[in-house]
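**Q** Okay, handing you the structure first.
The values are calculated or read from the model by the stated rules, or taken from the named source; none is laboratory data. Worth saying up front: this structure is predicted, and the values here are computed from it rather than measured. When we count neighbours, we look across all protein chains shown, and the Cβ atoms used for this are built from the backbone with ideal geometry, even at glycine.
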Amino acid sequence: MNTLKKIIVQPKSLILIFLVTSVIVVTSVLIELNQSKNEMLELMEQQGHSLLETVLKSSEIALYSYEKIEEEIKQRLLSSAFMIREMYERGFIENDFLEDIASKNQIFRINIFDKNGKKIFSNVQELHTGIPEKVNPVNYLSPIFEGAEDTLIIGMKPARYLEGQRFTVTVAAQNRSAIVLNIDAEELLDFRKQVGFGVLLKQVTENQNIEYAALQDDKGIIAASGDVAGLSSLQSMDIVTESLNENIYKWHIADNGGKEVFEIIHPFFYRGETIGMFRLGISLEPMNNIKERLTRRVISLGIVLLLFGFVTITLIFARQNFDLLSKKFKAIESYSSNILSNVSDTIIVLNEENRIITINNAGEKLLGSSEILLKGKNFYDFLENVDCAAIFKSTSSFEEIECVLNGITKVFLISKSKFTDENNNSNLILVLKDRTKQKALEKQLERKERLIAMGELASSVAHEIRNPLNSIGTITQQLGKDFAPKENEDEYKSLTKLVYKEVRRINETIQTFLKFAKPQPIKPERFILSGLIDQLEKQYSKLVEGKNSRLIVENHFNDYVSWDKTQITQVLINLMENALDAVNKNGIIKILVNEKDNSRVEIKIFDNGKGISREDMNRIFNLYFTTKEKGSGIGLSIVQKIISDHNGLITFESKVGEGTTFSLLIPTNYS
């Protein structure tokens, strides 16, 4: 009996246990409510952080896009202006010519003013008689007329007579005349409106949970969308200084006209300057609604927790494990994605129909399109030669093959592997390592070694036979002078002269051997490359015109180089002579100069002539190989040797009937 009494719990004890349990449960629920609030705030911080970061990046891209388009317009106008200036200084300008140039290049106005501000040429007839002008050209062209500037980027300005804006550039002629080109800036302004902050912020606030989005500085709001009537000034916020000084995201609960919002801020920098602070206000209403619902259910949750405590604890553990696994999965997925995206080799996953499932960044660059546009397309369609398409039929998992993609011949080291996905579909992984440049270097090294060996052989043979030849020539001359045969004297003298002539011809050939075997050493000098290109243009412009063809020069490098100017000039002349021989009537020869990697210069010489046959491509750099009737066969051999001695690389692309492009890639400083 005593034992049973000890086991039986008294009503007071039950009440006490119930109360204690209730307090524990309620306390637990309240703690959970508070924790949920903190988690929701943390989630809102993450989402706000991500959204604001997207806004910042989008803003930078918007500004950069507008600047890039404006820069492209400026370069296009300047290129046309420089061409018009050259024609003007040669005396070839007429209004009809300007009208044709404006029509072909989509230029709104081309006007040429003399140094007194008088319009002397234009692409349009004067249509604004009697209309007062808004802007006098003399006001903004005075630096040109006075000789203070040779090029003016005027940019946006109001139209002289009509409504609207114009984007204008001006270059000076030698007589200080001004060549003025402009385009209608309506599309440029529309683009600015489409990518401006206002549109961007408006799109952000279309989300019903976003109260406002604003870009603000000390003076006020620069751009905003949403309910910003109660937005406080930056000076009244302590976290602004901390965010600005440390360049970090900060958040707080802000009062926006009597309404609490979750606000996250971050400074906005562009090109090293502080534009202002981005402020993003997120509604707390969803979180407050959740909080209210949870509060009303405290009692119900308490009873449920008492009855299903074990289940709740189990679910909590399950949730924690799920969150942990989700985070690990996302980390692994992100890590794998970053590796695939940033690897330099092209990685393409194809389905059973050879259609693209996924492709990395290197593959996008190779195929010249984005992954979104490439997905679902047949990779077979991008291969322009049968040999490359054979990779799908080959049983080898690792091979080197030559492919033509987008008209460019490349050499790839291709690795293939297959896998089966969760839907039991067989997929193919292609890894393409671009070995084009490496193969070109190997071929150039091989040619260089072969040329060195041939040069040494030529030098050795030349020295061995040169002295006997001189003796033969001297004896032949002496025989012709001192001896007279009794019969056939004329034939005798003719034969001795023929022998002497042939000896001289062989001796000249030996001189050519020796010239190749012992080329001049590199004597670098510092000079501006554009001067050499201009000299080349002047030297060949008339010759090209003489064949009823066009010479186009596009020089985008105007800096110093340290090369052997004489030898590089010889290289360019050889290539220009080949191009000139290749083109026919209405042909085109183009010289392109660009900077590469801040330490190398690329010079391309293109012609749309007859091209080089496939069987001749591997022999054009061979000594004494030529397809010309009067060619010596050493020109390209010397070109290749000079470029190699300058630590450069020479490559070429050619198609029969379409033309040939020779590319020179040379370090700016010889060492």
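**Q** Residues of the stretch 541-559 being over 14 Å from Ile603 (Cβ atoms) and of a type in the set (D, E, K, R), which ones?
**A** Matches in the stretch 541-559: Lys542, Glu545, Lys547, Arg550.
**Q** Being on the phi > 0 side of the Ramachandran plot and surrounded by fewer than 21 Cβ atoms within 10 Å (Cβ to Cβ) narrows it down to one residue among Asn618, Asn598, Asn584, Asn594; which is it?
**A** Going through Asn618, Asn598, Asn584, Asn594 in turn, the sole match is Asn598.
**Q** List pairs: first in the stretch 252-263 and farther than 9 Å from Leu231 by Cβ, second loosely packed, with under 12 Cβ neighbours inside 10 Å, Cβ under 7 Å, 6+ apart or cross-chain?
**A** Going by the 7 Å Cβ cut-off, the qualifying pairs are Glu260/Ile253; Phe262/Ile253.
**Q** For the condition in contact with a Pro (Cβ under 9 Å, 6 or more places away or on another chain) and within 30 Å of Ala159 (Cα to Cα), what is the one hit in Asn95, Asn105, Asn116, Asn111?
**A** Asn111
**Q** Sticking with this one: Answer yes if at least one residue in the stretch 586-607 is of a type in the set (Lys, Arg) and more than 29 Å from the chain's Cα centre (by Cα), and no otherwise.
**A** no
**Q** Output the residues belonging to the stretch 564-596 that are farther than 27 Å from Pro521 by Cβ and part of a helix (DSSP H, G or I).
**A** Once the filter is applied, which keeps residues that are farther than 27 Å from Pro521 by Cβ and part of a helix (DSSP H, G or I), the stretch 564-596 yields Ala579, Leu580, Asp581, Ala582.
**Q** Ok, one more. Output yes when any residue across the stretch 75-92 is among the β-branched types (Val, Ile, Thr), surrounded by 13 or more Cβ atoms within 10 Å (Cβ to Cβ) and within 23 Å of Glu186 (Cα to Cα), and no when none is.
**A** no
**Q** For the stretch 354-452, please list each of the helices (runs of 4 or more DSSP H) lying entirely inside it that holds at least 2 residues being at pLDDT below 70 and not assigned by TED's automatic domain parsing to the domain that holds Met617.
**A** Because the criterion is at least 2 residues that are at pLDDT below 70 and not assigned by TED's automatic domain parsing to the domain that holds Met617, the helices (runs of 4 or more DSSP H) in the stretch 354-452 that meet it are 386-389.
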